[in-house]
Amino acid sequence: MGDVLIGLLLWLVGGILASVVLIAASGDPSTTDLTDLSLGAIALSVMAGWPGFLGWPILATRFKGRRSLTKDFGLRIVGADVGWGILAGFGALALSVVAGLVWRLLSDAPEPTNADFLPTHPSALTGVALLLLVAVCTPIVEELFFRGLFLRAVGRRAGLPWAVVASSIVFGLLHYQGEGLHGLFVSGVTAAYGAVFALVVVRAGGRLGPSIVAHMVVNGIGVIGALYLS
């Protein structure tokens with residue numbers, strides 16, 4: 001559990017430092033609205049937590065484990081993972097569709113999203129860069145920490161059911177955006193994604209391949225929708 005807390009602490013520190021850099025670069029805190037971020041600023045904000053989610057697992061396996069992200073955290077993919085991952089990804093998206101329908105029934109406000117930081121109708125180069133960053137790199141990094149390090153650490157102490165619940169809740173909370181019910185909605189949907197990702201990892205015997213693919217499906221469709229369909 002200590003490794004989980006260290007990773008989360010590094011994520012927090014990275015986020016604070018990124019915020020300081022963005023404010024300092026803009027010269028005015030009021031100009032750091034998510035919708036006005038440049039590609040570089042978006043990249044910085046997305047990668048701010050990677051010291052905890054990527055850097056710490058690498059250090060942990062190097063100095064405390066078997067010096068292998070595959071052996072310690074299941075960072076491996078096989079052919080069957082692609083099919084199961086795509087299926088799980090669309091299953092997770094189906095849950096968000098149901099949640100969106102419930103939101104529309106109960107509220108007149110627009111359905112909350114965690115993609116407000118993305119620009120609309122960017123250039124082709126910017127679009128490709130954002131897809132690589134958010135839909136390819138981010139899933140690998142986040143799955144390494146949440147379904148690799150986190151799920152295994154809690155699973156060893158409390159069992160896999162509690163590990164699935166705990167890792168999914170924290171995954172959702174760390175994606176909180178907005179205020180009040182809007183933020184809770186985003187966190188809840190993201191936690192549901194996390195539960196689906198965790199379950200396919202458990203099914204695969206701890207291998208992260210299917211959850212990485214599922215995460216890529218969710219993020220990829222979300223990014224394309226936010227960039228070009230909103």
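Is it true that some residue in region 185-192 is closer than 16 Å to Arg147 by Cα and out of contact with any helix residue (DSSP H, G or I) (no Cβ under 6 Å at 6 or more places or on another chain)?
no
Could you count how many residues in region 91-130 are hydrophobic (A, V, I, L, M, F, W, C), closer than 27 Å to Glu143 by Cα and outside any helix (DSSP H, G or I)? Can you show your working first?
Taking region 91-130 and keeping what is hydrophobic (A, V, I, L, M, F, W, C), we get 92-95, 97-99, 101-103, 105-106, 109, 115, 117-118, 124-125, 128-130.
Then keep just the ones that are closer than 27 Å to Glu143 by Cα; that gives 92-95, 97-99, 115, 117-118, 125, 128-130.
Now drop any that are not outside any helix (DSSP H, G or I), which leaves 115, 117-118.
Residues that pass the stated criteria total 3.
Please state which one of Val170, Val136 is closer than 20 Å to Leu39 by Cα and modelled with pLDDT of 95 or more. Working first, answer last.
Values: Val170 fails: closer than 20 Å to Leu39 by Cα.
Criteria check complete, one pass: Val136.
Any idea how many residues of region 59-90 are part of a loop (DSSP other than H, G, I, E, B) and touching a Leu at 6+ places or on another chain (Cβ under 9 Å)?
Our first condition is that a residue be part of a loop (DSSP other than H, G, I, E, B); within region 59-90, this holds for 64-68, 74-78.
Of the ones still in play, those that are also touching a Leu at 6+ places or on another chain (Cβ under 9 Å) are 68, 74-77.
Of the residues in region 59-90, 5 are part of a loop (DSSP other than H, G, I, E, B) and touching a Leu at 6+ places or on another chain (Cβ under 9 Å).
What residue, among those in region 207-228 that are within 11 Å of the chain's Cα centre (by Cα) and β-branched (Val, Ile, Thr), is surrounded by the most Cβ atoms within 10 Å (Cβ to Cβ)?
Checking each candidate, the answer is Ile212.
Quick check on this structure: which one of Arg156, Arg147, Arg203 is under 19 Å from Ile6 (Cα atoms) and more than 15 Å from the chain's Cα centre (by Cα)?
On the way: Arg147 fails: more than 15 Å from the chain's Cα centre (by Cα); Arg203 fails: under 19 Å from Ile6 (Cα atoms).
Residue meeting the stated conditions: Arg156.
If you check every pair at least six apart or on different chains, which have Cβ atoms under 7 Å apart with a residue in region 151-166 that is farther than 19 Å from Leu75 by Cβ and aromatic (Phe, Trp, Tyr) first and a residue that is at pLDDT 95 or above and in a helix (DSSP H, G or I) second?
Trp162/Val154
Can we say Ser30 is surrounded by 13 or more Cβ atoms within 10 Å (Cβ to Cβ) and modelled with pLDDT under 95? Reasoning before the result, please.
Numbers: surrounded by 13 or more Cβ atoms within 10 Å (Cβ to Cβ): no; modelled with pLDDT under 95: yes.
No: the conditions fail for Ser30.
Filter region 42-68 down to the residues that are over 26 Å from Ala129 (Cα atoms) and in contact (Cβ under 8 Å) with a residue 24 or more places away in the chain and list them by number. Before you say what the answer is, go through the steps one by one.
Let us first name the residues in region 42-68 that are over 26 Å from Ala129 (Cα atoms), namely 59-68.
Scanning region 42-68 gives Ala60, Lys64.
Considering each of Ala192, Ala166, Ala158, Ala204 in turn, give the residue that is surrounded by 16 or more Cβ atoms within 10 Å (Cβ to Cβ), small (Gly, Ala, Ser), out of contact with any Lys or Arg (no Cβ under 9 Å at 6 or more places or on another chain) and over 19 Å from Gly91 (Cβ atoms). First the steps, then the outcome.
On the way: Ala192 fails: over 19 Å from Gly91 (Cβ atoms); Ala158 fails: surrounded by 16 or more Cβ atoms within 10 Å (Cβ to Cβ); Ala204 fails: over 19 Å from Gly91 (Cβ atoms).
Unique residue meeting the criteria: Ala166.
Got a number for residues in region 97-121 being surrounded by 13 or more Cβ atoms within 10 Å (Cβ to Cβ) and either touching a Lys or Arg at 6+ places or on another chain (Cβ under 7 Å) or more than 28 Å from Ser38 (Cβ to Cβ) (or both)? Lay out the reasoning, then the answer.
Initially, region 97-121 is screened for residues surrounded by 13 or more Cβ atoms within 10 Å (Cβ to Cβ), giving 99-100, 103, 107, 111-119.
Filter once more, so that each one left must be either touching a Lys or Arg at 6+ places or on another chain (Cβ under 7 Å) or more than 28 Å from Ser38 (Cβ to Cβ) (or both): 99-100, 103, 107, 111.
Of the residues in that region, 5 qualify.
The values are calculated or read from the model by the stated rules, or taken from the named source; none is laboratory data. This structure is a prediction, so every number in the text was calculated from the model and none was measured. Note that we place each Cβ from the backbone using ideal geometry, even for glycine, and neighbour counts take in every protein chain shown.
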